[in-house]
Amino acid sequence: MMPFAEDNLLRRFVNARDVIRNLWGEDMKDKKNEKPRTLFILFISIVVLFFIYTSYKQNVIDQDTLVLFVYEDKNEPDKDEILIKGITLVSFNPRHERFHITKYPTYILMNSKSEEIEIISNEISDIKEYMNKR
């Protein structure tokens with residue numbers, strides 16, 4: 001006698017469930033300690049993520065970083081020339097409400113935390129001199 005397709009499918013499901021239980025090492029009959037253990041693991045995970053976020057925020061977000069805005073007319077700027085030690089971020093031709101650029105190229109060095117403009121120049125050498133003095 002041939003088993004029905006439903007019986008065969010049910011056997012496969014039960015076997016897969018037993019394999020998963022054995023892999024996890026769980027005794028599904030004793031579920032009394034399951035919920036507190038899961039809540040404890042969730043609590044520890046949230047605490048660890050909170051500490052990772054606060055350390056990231058202190059090290060990256062809250063520090064004074066310098067942003068160099070580079071405004072070029074049509075030419076692609078030489079990236080090797082613009083990379084200056086101490087400048088965290090370089091932005092090429094961004095749209096900014098505060099700046100109305102009339103002469104190209106224009107370089108604006110700005111503090112990202114206070115949004116205070118450090119220096120505005122049409123020469124990259126002026127920016128490099130300012131960073132060397134700083």
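Selection within the stretch 53-74: residues that are more than 20 Å from Asn132 (Cβ to Cβ) and assigned to a loop (DSSP other than H, G, I, E, B). The member of this set that is modelled with the lowest pLDDT is Asp62. Scanning the stretch 95-134 for residues that are aliphatic (A, V, I, L, M), in a strand (DSSP E or B) and more than 23 Å from Lys74 (Cβ to Cβ) yields Met110, Ile117, Ile119. Evaluated against (1) part of a strand (DSSP E or B); (2) modelled with pLDDT under 80; (3) buried (at least 16 other Cβ atoms within 10 Å of the Cβ), Pro77 falls short on exactly one condition, (1). Criterion applied to Phe99, Phe92, Phe43 was being at pLDDT 70 or above and farther than 28 Å from Glu115 by Cβ, and the one residue passing it is Phe43.
Taking Asp27 as the residue in question, decide whether it is more than 25 Å from Lys113 (Cα to Cα), modelled with pLDDT under 75, in contact with a helix residue (DSSP H, G or I) (Cβ under 9 Å, 6 or more places away or on another chain) and not aromatic (Phe, Trp, Tyr).
On the way: more than 25 Å from Lys113 (Cα to Cα): yes; modelled with pLDDT under 75: yes; in contact with a helix residue (DSSP H, G or I) (Cβ under 9 Å, 6 or more places away or on another chain): yes; not aromatic (Phe, Trp, Tyr): yes.
Yes.
The values are calculated or read from the model by the stated rules, or taken from the named source; none is laboratory data. These numbers come from a predicted model, not from an experiment. So basically every Cβ, Gly included, is an ideal-geometry build from the backbone, and we count neighbours across all protein chains shown.
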